[in-house]
Amino acid sequence: MGVIGCGKKACSAHIPALVKLENVDLRYLSDINEERLRELKEKYPQCETFTDYRDLLSCGELDGVVICTHTNLHCKIAKEFLLKGIDVFTEKPVAMNYTEAFETAEIAREKGRVFDAGVCLRFASSLEKVRNIIQWGEIGNVYHVSCCFRFSKSIPGAGSDYTKKSKSGGGVLIDLGVHNFDAIDYCLGGVNWKSASGKCISSPLMASGENSKAGYVMESEIKSDVEDYAFGTAQSESGITLSFEGAWAQNIGEEEKYIDFLGDKGAVRFNYYRGYTFWGKGGEKLGECENCYDGKMYENELRSFADDILKRRFESRNAVKNVLSSAKLIDMIYASSDDK
Ligand SMILES: NC(=O)c1ccc[n+]([C@@H]2O[C@H](COP(=O)([O-])OP(=O)(O)OC[C@H]3O[C@@H](n4cnc5c(N)ncnc54)[C@H](O)[C@@H]3O)[C@@H](O)[C@H]2O)c1
């Protein structure tokens, strides 16, 4: 396998996970940053390094690539490898919008290639427990989902690629909303969103850059054109409603990160992303787990990608077709916000 885009996430999660997997031989690393490549070569001498990812297209023994660049390059690079007959995993968000994700998934289908998405929460042991509670009917029919991803100091570097629409596709909604909407989709066994309304705001905190995430550098000249705050509602084809509120930054010192699934027999709260609380009728507490996350979501999702390649599976948990509905929802929210 090869990794394209060896930045923060690839270095902290994907590369160490791939090196650990018994059925993966990580051979190729690509980044435009030469210094990063030199450091990686020292750490992983078994890997060849390339500043131009297109050199990987002619590496005869390559089965799959893991793309961890920013969003604007995910599908562009994915298409080149899929057309060459190489399987692809790309980090979230898969694409800048639904159309790009759909078109790339179609190329994968036509070429008979695996095209997997970074949907790490689908591989978190804690979310699996919440999904089981819902799928086993413990809370009855779910009629509403309330989702909150409000962070205090999590602007991923004001002025960085995360905050430039041309690179990221958007701000907190596409960056963190995508995790939450995907978790909802997974727990409910697939949701078709039919309408959505929302508002995306670039707050004064964004302009000051004061609430940047630790470890993320604030660029000297801040040029951010995405939202750091978003809220809205949506409705599914089957009538389930959704309300959400998300923030990279806020001047409330306590962060709120949960997904509440409200059912006619009970309710369950996913305490993003470590545990859950589960109530029956009348709010009686029936179960709780403060931390049932085993720390293996990245490793598990990349193992699944490797298994998809080896077993020629196209319908697994991380198949890109599973994230198309969330991509459509995000498009609808942005469109609604732009309309106002
Ligand atoms: N699943 C998760 O929980 C999670 C968490 C964080 C980030 N991510 C996603 O991972 C991706 C990367 O995020 P990050 O924080 O590592 O960003 P980053 O900026 O640290 O890394 C991006 C890397 O891509 C490299 N790059 C840019 N153009 C390239 C090209 N043409 N060829 C090869 N490399 C190129 C950059 O030099 C950089 O090293 C984003 O899509 C982000 O949304 C996912």
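The values are calculated or read from the model by the stated rules, or taken from the named source; none is laboratory data. Keep in mind that this is a model prediction, so the values were computed, not measured. A quick note on method: Cβ atoms are made from the backbone with ideal geometry, for glycine too, and the neighbour counts reach across all protein chains shown.
Taking the stretch 44-76 as the search range and keeping residues that are within 15 Å of the ligand (Cβ to nearest atom), of a type in the set (D, E, K, R) and more than 18 Å from Thr104 (Cβ to Cβ), which one is surrounded by the fewest Cβ atoms within 10 Å (Cβ to Cβ)?
Taking the candidates together, the pick is Asp52.
Identify all residues within the stretch 15-43 that are within 14 Å of the ligand (Cβ to nearest atom) and either outside the structural domain of Asp87 (by TED's automatic domain parsing) or not aliphatic (A, V, I, L, M) (or both); write none if there are none.
If the condition is that a residue be within 14 Å of the ligand (Cβ to nearest atom) and either outside the structural domain of Asp87 (by TED's automatic domain parsing) or not aliphatic (A, V, I, L, M) (or both), then Pro16, Tyr28, Ser30, Asp31, Asn33, Glu34, Glu35, Arg36, Arg38, Glu39 are the ones that fit.
Looking at the stretch 54-98, which of its residues are touching a residue at least 40 places away in the same chain (Cβ under 8 Å) and assigned to a helix (DSSP H, G or I)?
Scanning the stretch 54-98 gives Leu56, Thr71, Asn72, Leu73, Ile77, Tyr98.
In the list Ile222, Ile155, Ile184, Ile139, which residue meets the criterion of being modelled with pLDDT under 95 and touching a strand residue (DSSP E or B) at 6+ places or on another chain (Cβ under 6 Å)?
Ile155
Residue under question is Glu288, and the condition is that it be surrounded by fewer than 16 Cβ atoms within 10 Å (Cβ to Cβ) and at pLDDT 95 or above; does it hold?
yes
Just give me the residues in the stretch 175-204 being farther than 14 Å from Ile333 by Cβ and aromatic (Phe, Trp, Tyr), in sequence order.
Tyr186
How about the stretch 1-38: which of its residues are surrounded by fewer than 13 Cβ atoms within 10 Å (Cβ to Cβ) and β-branched (Val, Ile, Thr)?
Once the filter is applied, which keeps residues that are surrounded by fewer than 13 Cβ atoms within 10 Å (Cβ to Cβ) and β-branched (Val, Ile, Thr), the stretch 1-38 yields nothing.
If a residue has to be of a type in the set (S, T, N, Q) and outside any helix (DSSP H, G or I) to count, how many in the stretch 156-175 make the cut?
Total meeting the criteria: 1.
Val178 passes all but one of (1) within 16 Å of the ligand (Cβ to nearest atom); (2) assigned to a loop (DSSP other than H, G, I, E, B); which number fails?
In the conditions (1) within 16 Å of the ligand (Cβ to nearest atom); (2) assigned to a loop (DSSP other than H, G, I, E, B), Val178 misses (2) alone.
I'd like the full set of residues that are assigned to a loop (DSSP other than H, G, I, E, B), hydrophobic (A, V, I, L, M, F, W, C) and surrounded by fewer than 20 Cβ atoms within 10 Å (Cβ to Cβ), limited to the stretch 236-280.
Ile252
Is it the case that Ile32 is farther than 22 Å from Lys311 by Cα, part of a loop (DSSP other than H, G, I, E, B) and in contact with a helix residue (DSSP H, G or I) (Cβ under 9 Å, 6 or more places away or on another chain)?
yes
Tell me whether the stretch 137-155 contains one or more residues that are within 18 Å of the chain's Cα centre (by Cα), among the hydroxyl-bearing types (Ser, Thr, Tyr) and in a loop (DSSP other than H, G, I, E, B).
The answer is yes; a qualifying residue exists.
Six or more apart or on different chains, Cβ under 8 Å: which pairs go from a residue in the stretch 9-29 that's part of a helix (DSSP H, G or I) to one that's crowded, with 16+ Cβ neighbours inside 10 Å and β-branched (Val, Ile, Thr)? Could you list them?
Ala10/Val3; Ala10/Val66; His14/Val3; His14/Val66; Ile15/Val3; Leu18/Val3; Leu18/Val24; Leu18/Val66
When only residues in the stretch 281-327 that are more than 24 Å from Lys257 (Cβ to Cβ) and among the small types (Gly, Ala, Ser) count, which is farthest from the ligand (Cβ to nearest atom)?
Gly282
Could you list, in sequence order, all residues of the stretch 281-334 that are hydrophobic (A, V, I, L, M, F, W, C), within 16 Å of Val94 (Cβ to Cβ) and part of a helix (DSSP H, G or I)?
Leu302, Phe305, Val320, Val323, Leu324, Ala327, Leu329, Ile330 - these are the residues of the stretch 281-334 that are hydrophobic (A, V, I, L, M, F, W, C), within 16 Å of Val94 (Cβ to Cβ) and part of a helix (DSSP H, G or I).
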